[in-house]
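Data block below; observations after.
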Amino acid sequence: MTITHHPRSMLVTGGAGFIGCTYLRTALDGDPGLRLVNLDALTYAGHRASQRDVAETHRERYTFVEGDIRDPALLRRIFAEHEVDTVVHFAAESHVDRSIDGPLDFIDTNVRGTANLLEAARAHWGDRSDVRFHHISTDEVFGSLGADGFFTEATPYDPSSPYSASKAASDHLVRAWHRTYGLPTTISNCSNNYGPFQFPEKLIPLMIRNALADRPLPVYGDGGNVRDWLYVADHCRAIDLIVRRGTPGRTYNVGGHNELTNLDVVRAICDLVDELAPRSDRSSRRDLVTFVTDRPGHDRRYAIDASLIASELGWAPDHDFASGLRATVEWYLANVAWCDEVTADRYAGERLGLSPSS
């Protein structure tokens with residue numbers, strides 16, 4: 001029998017980032033009685049501009065704290081001052097390419113930071129059962145699939161990059177705190193997210209911006225790497241269901257049922273930008289596609305089996321890739337000022353993920 005959890009005071013870590021800022025809106029818009037604290041270190045991929053409207057719309061129920069999950073004293077203070085009963089943990093270093101260039105930052109934040117948060121929750125909650133700790137992870141912890149099959153909740157971990165290894169480690173910590181200390185935890189492993197507010201170093205927003213500016217569209221290797229694409233609003237609905245109705249100790253895979261090669265994604269972006277912001281000569285931006293040296297350790301295929309969350313919690317994505325990508329391209333074309341603001345002095349579109357020895 002499902003026991004429904006009713007959050008009253010929620011701590012969201014990393015809520016100024018891409019998925020986190022979308023979840024702020026999902027949680028606050030969907031529950032008028034919820035109070036929410038957003039803790040974010042505002043590193044390169046987190047920005048006040050991504051949660052500005054949240055602060056304006058929900059000012060009486062929303063608190064922003066600039067700080068780091070690597071600071072145990074700060075975490076203890078937030079739990080005490082805000083009487084936190086629910087944690088939704090997004091905060092992480094999350095870009096594979098950056099993890100290749102600087103792996104230790106990923107270990108420090110994703111592993112030690114998660115342990116700090118678990119300990120702060122355990123110290124504040126004791127043996128309470130009316131609390132929840134939800135940890136957001138990735139399908140990259142499972143490694144690479146062959147041409148067939150899907151990742152399930154029982155798939156063994158086989159991470160390939162420093163990023164995915166650090167997330168695998170943090171997943172294991174969350175499970176250990178549940179099994180050892182009885183902390184009511186849940187985990188979700190999601191496929192590739194896309195949508196509004198994604199920092200423009202990631203594939204889809206980078207390609208949109210480059211296509212709009214008639215810059216080269218760099219595609220790794222032969223472009224045949226396959227990902228399962230999940231629209232961010234669908235993912236955040238899934239997270240909220242897990243937080244409120246998920247079974248403590250359980251892991252849920254969340255996927256969009258949209259497997260595409262990277263090259264197919266880039267070509268679809270070209271076609272949409274051509275339609276919505278055509279060149280003066282009406283020529284196709286597909287001529288901007290440029291194949292570049294592949295990423296070290298690049299997994300060939302990811303695909304999620306999301307049948308557990310569908311059967312147990314009734315979740316299914318609202319968006320197929322065509323509708324989600326159109327909404328995404330339209331948003332980026334309408335929000336060039338946001339892109340310029342969040343990338344200023346942080347990212348100029350350069351190639352990442354080539355280690356110093358390469």
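The values are calculated or read from the model by the stated rules, or taken from the named source; none is laboratory data. Model, not experiment: these values are computed from the prediction. Here the Cβ is made from the backbone with ideal geometry for all residues, glycine too, and neighbour counts use every protein chain on show.
Would region 251-258 turn up any residue that is at positive phi and touching a Pro at 6+ places or on another chain (Cβ under 7 Å)? Walk me through it before giving the result.
Going residue by residue through region 251-258, those that are at positive phi are 257.
Okay, now just the ones that are also touching a Pro at 6+ places or on another chain (Cβ under 7 Å), so 257.
Yes, region 251-258 contains a residue that is at positive phi and touching a Pro at 6+ places or on another chain (Cβ under 7 Å).
Grab the helices (runs of 4 or more DSSP H) fully contained in region 85-201, keeping just those with 2 or more residues being modelled with pLDDT of 95 or more.
Passing ranges, in order: 114-125, 162-181.
Would region 272-288 turn up any residue that is in contact (Cβ under 8 Å) with a residue 60 or more places away in the chain and among the small types (Gly, Ala, Ser)?
yes
Within region 4-18, identify whether any single residue is at negative phi, assigned to a helix (DSSP H, G or I) and under 14 Å from the mean Cα position of the chain (by Cα), and answer yes or no.
yes
So which residues in region 91-106 are of a type in the set (A, V, I, L, M, F, W, C) and surrounded by fewer than 19 Cβ atoms within 10 Å (Cβ to Cβ)? Even if it seems obvious, please write down each step before you answer.
Taking region 91-106 and keeping what is of a type in the set (A, V, I, L, M, F, W, C), we get 91-92, 96, 100, 104, 106.
Listed by number, the list holds a single entry, LEU104.
Considering only region 224-238, how many residues are out of contact with any strand residue (DSSP E or B) (no Cβ under 6 Å at 6 or more places or on another chain) and at pLDDT 95 or above?
5
Residues that are under 20 Å from PHE18 (Cβ atoms), at least 2 per element: which strands (runs of 3 or more DSSP E) completely within region 218-337 meet that?
Per the criteria, 226-231, 251-254.
Does ALA55 satisfy being in contact with a strand residue (DSSP E or B) (Cβ under 9 Å, 6 or more places away or on another chain), within 25 Å of ASP234 (Cα to Cα) and assigned to a loop (DSSP other than H, G, I, E, B)?
Numbers: in contact with a strand residue (DSSP E or B) (Cβ under 9 Å, 6 or more places away or on another chain): yes; within 25 Å of ASP234 (Cα to Cα): yes; assigned to a loop (DSSP other than H, G, I, E, B): no.
No, not satisfied.
Answer yes or no: is there a residue in region 45-57 that is farther than 29 Å from GLY297 by Cβ, charged (D, E, K, R) and in contact (Cβ under 8 Å) with a residue 40 or more places away in the chain.
No, region 45-57 contains no residue that is farther than 29 Å from GLY297 by Cβ, charged (D, E, K, R) and in contact (Cβ under 8 Å) with a residue 40 or more places away in the chain.
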